[in-house]
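S.K.: Once you've had a glance at the structure underneath, I'll fire off some questions.
Every number in this text was worked out from the coordinates using simple rules, so none of it is lab data. These numbers were taken from a predicted model, which means no experiment stands behind them. Cβ: placed from backbone, ideal geometry, glycine included. Neighbour counts: every protein chain shown.
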Amino acid sequence: MAVVTDPRRLELPLPGGHDGATVRLHPLLCAEMKAPPGYWERPPGPAAEVRELLLKRRSGWITLPIPAFLVEHPTAGAILIDTGLHGSVAHDPSASLGKLGGRLLAPRMTADQAVPVQIAARGVMPEDVAIVVMTHLHFDHASGISQFPEPTFVVARQEWDSASESGLTHGYFPRQFDHAFQWRTIDFERDQTVDSFATFARTVDLLGDGSIRLAFTPGHSAGHCSVLLRLAGREVLLTGDAAYAQKNIDNRSVPLVCPDEHLYLRSLDEIRRFTEQTPGALVICGHDPWAWPQLKSVYE
Ligand SMILES: [Zn+2]
């Protein structure tokens, strides 16, 4: 294994939950990147990746949001969903992404978009964060991890194992997550606490009070998770990269890069059925340039 950190199994529930709790949600725009139009929905025909990434004019590329989320629980404290890009990326992308990664990925970010700065502006200090849920460990979600040495980090066992053995060609920089932090994993194939919820076959109830559930939605990556939140007024589904955009759900479409199409579509079908059965739910997709500008700064 390429990493030295050895995470422990997550004991559920994590402390701080209470019956009937509801959470507040702050979507955070952490950075932006450019991607070709076919990035969201793979165009038909051979060698689509080459055609889109190498042959499409950059002037026609679309600006993609890189989000993270602050969740405020009334008794469990502050919880992050993903960490966005590290603050250093604003002035030196190579420190977190490597020289080649910094140049190829070319993220656009300002210093005040770093998650610690954004949550501080909402009255939450990095040391107040109790839990960080990682939907997966791709660089655009994991780059900011080292800014939070204190919290409990939660990730699917399948994601940790896969990411630990992968590199940039698969979207991972193990040095972003290989820290001796409080890493805890959920094995969605084996753990006793895994149960079905709504339309999702494999979920866990993080605090035991139903306010935050992780739903196993692999396919985009080996151990990808989406997140279900109970707000006072409505339910929220953060799809993560199990659906880059609403149009992936509506069209049942596969993105340009999709490591396991079969698993991706199975997860996407669970998401689709959830949106059909829960029409009042707010669904926020992983990298949706069309929906992001419409989001509110806080949901309660
Ligand atoms: Zn992503």
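S.K.: Check which residues have an amide H placed less than 5 Å from Ala31's amide H, if you skip close sequence neighbours.
M.R.: Under 5 Å from the amide H of Ala31 lie the amide H atoms of Ile66, each far enough along the sequence or on another chain.
S.K.: Can you sort Cys285, Cys225 by how many other beta carbons sit within 10 Å, fewest first?
M.R.: With the sparsest Cβ surroundings first, the list reads Cys285, Cys225.
S.K.: Please list 3J(HN,Hα) in residue order for segment 207-212, calculated via the Karplus relation 6.51 cos²θ - 1.76 cosθ + 1.60 where θ = phi - 60°; whole Hz, with x for glycine and proline.
M.R.: Taking θ as phi minus 60°, the curve returns 10, x, 10, x, 7, 9 Hz for segment 207-212.
S.K.: As a footprinting exposure proxy, order Asp178, Asp260 by other Cβ within 10 Å, with the fewest listed first. Please report the intermediate quantities before stating the final value.
M.R.: Details: Asp178 18, Asp260 15.
Arranged by neighbour count, lowest to highest, Asp178, Asp260 become Asp260, Asp178.
S.K.: Where both residues lie in the chain, what percent of DSSP beta bridges are antiparallel, nearest 5?
M.R.: Looking only at bridges with both residues in the chain, the antiparallel portion is about 65 percent.
S.K.: Here's a follow-up. Enumerate lysine pairs in the chain that are 8 or more residues apart or on different chains, then count those whose Cα atoms are under 22 Å apart. Don't skip to the answer; put the middle values down first.
M.R.: Details: Lys34/Lys56; Lys34/Lys99; Lys34/Lys247; Lys56/Lys247; Lys247/Lys296.
So the count works out to 5.
S.K.: Which cross-chain or sequence-distant (5 or more) residues have an amide H under 5 Å from the amide H of Ala156, H modelled 1.01 Å from N in plane?
M.R.: Ile186
S.K.: Could I ask something else about it? Could you give the radius of gyration (one decimal) and Dmax (whole number) of the Cα atoms in segment 17-139, in Å?
M.R.: Looking at segment 17-139, its Cα Rg and Dmax stand at 17.5, 54 Å.
S.K.: Further question: From the gyration tensor of the Cα coordinates in the chain, what semi-axes in whole Å does the equivalent ellipsoid have, largest first, with each one equal to sqrt(5λ)?
M.R.: Semi-axis lengths for the chain are 27, 22, 20 Å.
S.K.: Quick one: check the C-alpha center-to-center distance for segment 242-299 versus segment 75-90, whole angstrom.
M.R.: A separation of 22 Å, based on Cα centres.
S.K.: I would also like to ask the following. Through the Karplus equation 6.51 cos²θ - 1.76 cosθ + 1.60, θ set to phi - 60°, convert the phi angles of segment 129-145 into ³J(HN,Hα) values in whole Hz; use x for Gly and Pro.
M.R.: Using θ = phi - 60°, the values come out as 6, 8, 9, 10, 9, 9, 4, 6, 10, 4, 4, 6, 10, 9, 4, x, 4 Hz.
S.K.: Show me 29-37, 100-108 ranked by packing, highest mean number of other Cβ atoms within 10 Å first.
M.R.: Working: 29-37: 19.3, 100-108: 15.1.
With the highest mean Cβ count within 10 Å placed first, the list reads 29-37, 100-108.
S.K.: Fewest first, what order do His170, His91, His136 take by the number of other Cβ atoms within 10 Å?
M.R.: On the way: His170 14, His91 10, His136 29.
Fewest-to-most ranking of His170, His91, His136: His91, His170, His136.
S.K.: A follow-up question, please. Using only the alpha carbons of segment 161-231, what is the convex hull's orientation-averaged projected area in square nanometres?
M.R.: So the mean shadow area of the Cα hull is 5.9 nm².
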